[in-house]
Amino acid sequence: GWVLVGMAFYFLKPLYPEGYQMLFFAMVALGAGIHLGVFDKTLASFRSFRWLKAGAGLAGFTLSVFFIGAWTFQSPGLTWQPYSDELLNQAKRDEKPVIIDFYAAWCPPCNKMEEIAFRNQDIIKTAKDFMMIKVDLTERGDPLHERLIKEYEVRGVPTAIFLDSQGEERHDLRLLTYEKPDDFRQRMEKLKLQNPESKKKT
């Protein structure tokens, strides 16, 4: 029964608040540990059943500690700003490259990017030289978002748009799926090479 509950939580991951997946799994594991190790009085005809049940309860407690530890020590992740035309204008004035991430909470590759790539310390450090903008398409119908979808020809999520310091898209860098942190950072570095401020520093 607890395995089925855990599977249900797994398939509902896209609906959880960002960054709380590990905490929900910890709650399931802790519930299973308490139930099997303390409250469950089920008996069986073979002697080892009691030890199997105790072992399952201990495993639940152990998993809950692991998930809580993973949730507690995970990095805070990138800081994104919601899209506005003024932000793009500001980026042009500052000659700053821009990344626009089209995202949805129900999109598994989007969540994987959030949990892995966008919590990578090298990417977070590199992002200080960028204007990082998020467009949340979890719920459709927002006129601004619909305009952006047409303007940038977004076919689905995830879609990451890379704009140089002049506001022009680098189409060769557009990302349409999950990507490992090192590969994503390389895209960022390629975009930085077009930034006049970066050239002055080098």
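The table below lists the values:
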{"quantity": "Segment 127-173: GluC sites (Glu not before Pro) in DSSP loop, at most 16 other beta carbons within 10 Å", "calculated": "Glu139, Glu153, Glu168"}
{"quantity": "Added length on full extension, which subtracts the Cα-Cα distance from 0.36 nm per residue, Asp183 to Arg155", "calculated": "7.9 nm"}
{"quantity": "Surface share of carbon and sulfur [accessible, 1.4 angstrom probe, percent] for segment 89-168", "calculated": "46 percent"}
{"quantity": "Solvent-accessible area per residue for segment 69-146 (1.4 angstrom probe, square angstrom)", "calculated": "51 Å²"}
{"quantity": "Candidates per chymotrypsin sites (Phe, Trp or Tyr not before Pro) in segment 98-202, loop by DSSP, up to 14 other Cβ within 10 Å", "calculated": "Trp106"}
{"quantity": "Ile116 versus Lys92: modelled label distance in nm, points set 7 Å from Cα along the beta carbon direction", "calculated": "3.7 nm"}
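The values are calculated or read from the model by the stated rules, or taken from the named source; none is laboratory data. As the structure is a computational prediction, the values presented were derived from the model and not from experiment. Reconstructed Cβ throughout: ideal geometry from the backbone, glycine too, with neighbour counts over all protein chains shown. Accessible surface areas use protein heavy atoms only, side chains included; no ligands, DNA or RNA. Shrake-Rupley method; radii C 1.70, N 1.55, O 1.52, S 1.80 Å.
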